[in-house]
1. Of the chain, which part is the longest with no trypsin sites (Lys or Arg not before Pro) in a loop (DSSP not H, G, I, E, B) and with at most 12 other C-beta atoms within 10 angstrom?
2. For segment 110-227, give the share of DSSP beta bridges that are antiparallel, in percent and rounded to the nearest 5; count only bridges with both residues there.
3. Taking a probe of 1.4 Å, how large is the accessible area per residue of segment 89-130, in Å²?
4. Once the Cα atoms of helix 138-149 and of the chain are each reduced to a long axis, what angle between those two axes, in degrees from 0 to 90 to the nearest 10, is obtained?
5. Output the antiparallel fraction of DSSP beta bridges having both residues in the chain, as a percent to the nearest 5.
6. Hey, which lysines would be in cross-link range of Lys298, C-alpha to C-alpha under 29 Å, not counting anything within fewer than 8 residues on its own chain?
7. For segment 125-235, what is the Kirkwood estimate of the hydrodynamic radius, computed as the reciprocal of the mean inverse distance between distinct Cα atoms, to one decimal in Å?
8. Step through the residues of segment 32-47 one at a time and calculate ³J(HN,Hα) from phi using the Karplus curve (6.51 cos²θ - 1.76 cosθ + 1.60, θ = phi - 60°), rounding each to whole Hz and writing x for Gly and Pro.
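The values are calculated or read from the model by the stated rules, or taken from the named source; none is laboratory data. All values derive from a computational prediction rather than experimental measurement. Virtual Cβ from ideal backbone geometry, glycine too; neighbours counted across all protein chains shown. Note: accessible area is taken over every heavy atom of the protein model, side chains too, but ligands, DNA and RNA are not part of it. Shrake-Rupley method; radii C 1.70, N 1.55, O 1.52, S 1.80 Å.
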Amino acid sequence: MAAVIRTKDLTVRFGTFTAVDRLNLCIEPGQIFGFLGPNGSGKSTTVRVLCGILLPTSGECYILGQNITADKRKIRQQIGYMSQKFSLYQDLTVLENLEFYAGVYGIALEQRQARIEKMLELAGLREAGNVLAGSLSTGIRQRLALSCAVLHEPQILFLDEPTSGVDPKGRRLFWQIIYRLAEAGTTVLITTHFMDEAEHCDQVGFINQGRLVACGSPQQLKSNIEGVLVNIAAADSMQLFALLQKSGLPLADAYICGKNVRLRLAESDLPLLAAWDYEIIAPTMEDVFIYNVRKQEKVDHEQTDSHTEKRIYPDAP
């Protein structure tokens, strides 16, 4: 199956700062692809390149088989884009906003009413049709923004941090709309820093400091974690963490997670934790992210040490 979104060594620099570093993505039709990472990791910059808003410094980017740099105008007609700050007109009603965007997208007059009705139904906005957008709750406003972004029935939908600031109930309703769009054949790329939202995706890409540190299905990424993950609850997680760090235990990793300390170690070493009340747990997507970031940092550290050694000892192998 041909990829609808493909990048090869995509790189974006702003002066000496590298925002996206040799990014390689391959997203198939109809997938919900979650692009996850902390704020400032390069998610939004990548989406802006994919939408043709920002030019890459180097590398290649193809949308529906077309080069984003050469075929920008043609591609824009086939994609939808919604950011956290999607421009709704606050002094227009829900219906008036939909009618305005139908005109912006050049939807034929004879098709507009049917499209608008479809969006009202899809997003559960029928009862709010005559309400001013400025008086809507954040969750409903985001559903309206999403409806405006897909009025022209794009093949690919880019959602940049769409659920930021939305309460849990609003996020669930928003994801129900995404499911329905994907079931109808729309490919969805969604960026988020909510790790739990990765569970809703077919494929997940974790980005950190501009680099893709892991990519795969949520289950694949969890199964790739080496060793056993255990959780120890504590009244003072900082104190327990410091104690475990000094214990001399053969830990592959240790980190604080709220009021808990997470440890990763070989299954054969579990008896060494007999002094603590621990439980073996299944990894969450946050654990997956930490695991892959630490793994990448280790590789970077080893490469830095190797380069330093070669500068000091030029004849070193």
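1. Between exposed loop sites, the widest span is 86-245.
2. Here the antiparallel bridges make up roughly 50 percent for segment 110-227.
3. I get 60 Å² per residue for segment 89-130.
4. The angle comes out at about 60 degrees.
5. About 65 percent, rounded to the nearest 5.
6. Within reach: Lys8, Lys43, Lys222, Lys246, Lys259, Lys310.
7. Taking the inverse mean of 1/r over all distinct Cα pairs, segment 125-235 comes out at 16.3 Å.
8. Along segment 32-47, the couplings run 9, 10, x, 10, 10, x, x, 4, x, 7, x, 4, 5, 4, 4, 4 Hz.
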